[in-house]
Amino acid sequence: MKAHVLTFGETMGLFRAAEVGDLSDVDTARIATGGADSNVAIGLARLQVPAVWVGRVGADGLGRRVVRDLRGQGVDVHAVVDGAGPTGLMVKEKRTPHTTRVWFYRTESAGSRLRPDDIPPELVESAAHVHVTGITASISASGLETVRAVMRRARRASVPVSFDVNHRASLWRSGDPAPVYRELAAGCDIVFAGEDEASLLTGLACDRTEKLLEAIARLGPATVVLKRGSAGSLLYDGDRVLERPALSVPVVDTVGAGDAFVAGFLAGRLSGEAPSECLRLANGAGAFACMGAGDWESMARSDDLLLLNNVDPVVR
């Protein structure tokens, strides 16, 4: 496999509290990076799929950290250094052992200033696949126009496109995101959504699962994948609904699991696997990511997925 998967969007610096408690009481934090689009790129690279990420970073230490982390994970990075805006920041608080709260500081950030001409046309036209998210489309007017422009170019070049709704309510303090998400879903080949996101996209109740899938498919995508966390996943391709149960694993942190799921599914798809096998890989990658902290640090490599079937706690 030589052709790459192209992703683009904002990747931020991440401060993660090292202890359980309110941030007013916690003394230490770990510095890392994270972003939905780059998480997918890292997940793909770890599964031996060439991945390219494009984005804007500030002319600061966090921007250099973003570039270093992504390149260190085998992602081909095309970063625009923006001297007019800082690298965005997210802060994670572990308020209880089982709950995480996240705050984003991204107003006028470098990543939110992404624009269409930041994406080299040849990276789109030579790609095996393009992956976009609702976060990039929601973060700013120029972010949405970048998503639209890349999707148009991919369509002209007959490059398949996937869209992960990845709704963030904090990016929609006003206005209705549903028309934007429906527009993007109509122009892509694969849609990934959680149950609440599918409901937002269609206006249907979450408990009408097959109706949700069918309604999204009627917008235009050939394949709809429903991410349901511990309830497993579903796929609809116009002819059938396939279901895969979730794997039972000890959960440390679910942040990034959805991105790992997408990476697993796309890795299977690009390898020519059957839809049911793509779901199996996606579920495995998502489950593995839940077993460690961080946005991407616990994502699986190809050999790691075999450990999910291993009953022996020690591998020699």
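Quick note: the coordinates plus some simple rules give every number you see, no bench work behind them. Keep in mind that what you see is a predicted model, and the values were worked out from it rather than measured. Every residue, glycine among them, receives a Cβ derived from its backbone with ideal geometry; neighbour counts consider all protein chains shown.
Among the residues of region 57-75, not a single one is of a type in the set (D, E, K, R), more than 16 Å from the chain's Cα centre (by Cα) and part of a strand (DSSP E or B). Residue 128 falls short on exactly one of the conditions (1) of a type in the set (A, V, I, L, M); (2) out of contact with any Lys or Arg (no Cβ under 9 Å at 6 or more places or on another chain); (3) more than 28 Å from residue 253 (Cα to Cα), and that condition is (2). Scanning region 79-95 for residues that are more than 24 Å from residue 293 (Cα to Cα) and either of a type in the set (A, V, I, L, M) or buried (at least 16 other Cβ atoms within 10 Å of the Cβ) (or both) gives 79, 80, 81, 82, 84, 85, 86.
When residue 3 is tested against (1) in contact with a strand residue (DSSP E or B) (Cβ under 6 Å, 6 or more places away or on another chain); (2) in contact (Cβ under 8 Å) with a residue 24 or more places away in the chain, only condition (1) is not met. When the strands (runs of 3 or more DSSP E) confined to region 184-275 are screened for residues that are buried (at least 23 other Cβ atoms within 10 Å of the Cβ) and not β-branched (Val, Ile, Thr), those reaching at least 1 such residues are found at 190-194, 223-227, 233-236.
Residue-by-condition table, conditions (1) of a type outside the set (Asp, Glu); (2) touching a residue at least 24 places away in the same chain (Cβ under 8 Å); (3) buried (at least 20 other Cβ atoms within 10 Å of the Cβ):
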| site | (1), (2), (3) |
| --- | --- |
| 97 | yes, yes, no |
| 100 | yes, yes, no |
| 103 | yes, no, no |
| 108 | no, no, no |
| 131 | yes, yes, yes |
| 138 | yes, yes, yes |
| 143 | yes, yes, yes |
| 147 | yes, yes, yes |
